[in-house]
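Just below is one structure, and these are the notes that go with it.
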Amino acid sequence: MKKSALKWLTTVPVAVALAFSLAACGGSTGSTSSGGPTDALAGSDQQSLDRYTTDDVVALDSVKKDELGLITPGTITVGTLSDAPPNIFIKDGVFTGYDNELLRAMADKLGLKVEFKSTDFSALLAQVENKSFDVGSSSISTTDARRENVGFTNGYDFGYMAVVAKTDSDIKGFADLTDKTRIAVVQGTVQDDYVTNTLKFEAVRFPDYNTAYANLKNGQVDAWVAPSQQATGQVKDGDGTVIAEEVVNTQNFTAYAVNSENKPLTDALNSALDAVIADGTWSKLTKEWYPTRPMPEDWTPGSKAVTVPKA
């Protein structure tokens, strides 16, 4: 039986309604997906990563744009988020962030335009699979359970997972989370899966990062388990919160989601990813968006055939 941290919600009607409405959504991205729980803090598993990384890619000049199955010919329609800096967010009315700028550079290599549209993460993978979007861009960890429902490109990033708490909280890291802790997560994320299926705690689910963090700041929850990048983008001086601990997770790399039957588009994006890695664009964007983040020694982006240029 799952340990419960929901007794407190009886005094917070709005949070109750939100938690139950989200639980009813379900869907292929939910934390109860088949394939077993993901121990997102288990550390690097290079054998698992290699299993899903292509040996090489098709030649970039052999890609036929009219055979990519795009919703709008010549344009990649991308589902993304608007509130998760530094990866995916809106600034001055324009979608930007590391993931989206990298995808723009890849589209340039293919001679394609990119149109970004906002959605919630809990719906994103299903929307890609039902062809509402050509691609999902949202710092998506490529778990085995998700691969049962949608396709992915080769990896372009890895992730850190963080626990965020109030500065005066007794929660100083993941080890301090208990079945009595009110833990916020974003619905359908790897963090949702980790709290629910690995820790066996009842998570308090929210539709987006802004709402999860806002509920931590106002004391409705005790901690927020989040992607470290998004935690860094949310936590500001004076908020009364702190990133208590962050742990690297390269067990499942980050990739763009593509319809599972659209191999031509997946192959084209893999070719474009290798191209932006080889010409230094990937390194430039990574340094620009993550100036202080260390790179795990046992992980590299793209196919097994591409080499990251030395700085």
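Where a number appears in this text, it was derived from the coordinates with a stated rule and is not lab data. Quick caveat: nothing in here was measured; it's all calculated off a predicted structure. For neighbour counting, all protein chains shown are included, and Cβ atoms are generated from backbone atoms with ideal geometry for every residue, glycine included.
Listed values, structure above:
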| item | result |
| --- | --- |
| Whole-number percent relative contact order across segment 253-311, with pairs defined as alpha carbons under 8 Å at least 6 apart | 41 percent |
| Net dipole in debye of segment 86-134 [+1 Lys, Arg Cβ; -1 Asp, Glu Cβ; about Cα centre; nearest 20] | 120 debye |
| Listed pairs Lys113/Lys236; Lys64/Lys109; Lys109/Lys310; Lys113/Lys310 exceeding 24 Å between Cα atoms | Lys113/Lys236; Lys113/Lys310 |
| Proximal aspartates and glutamates to Lys65, defined as alpha-carbon separation beneath 13 angstrom and excluding residues fewer than eight positions away on the same chain | Asp108, Asp267 |
| Electrostatic dipole magnitude of segment 130-197 [Cβ: Lys, Arg +1; Asp, Glu -1; Cα centre; debye, to 20] | 100 debye |
| Burial ranking of peptide ranges 79-89, 147-157, 172-182, 275-285 (average Cβ count within 10 Å, highest at the top) | 79-89, 147-157, 275-285, 172-182 |
| Reachable aspartates and glutamates, given that their alpha-carbon falls under 19 Å from the alpha-carbon of Lys172 and they are not under 8 places away in the same chain | Asp222, Asp237, Asp239, Glu245, Glu246 |
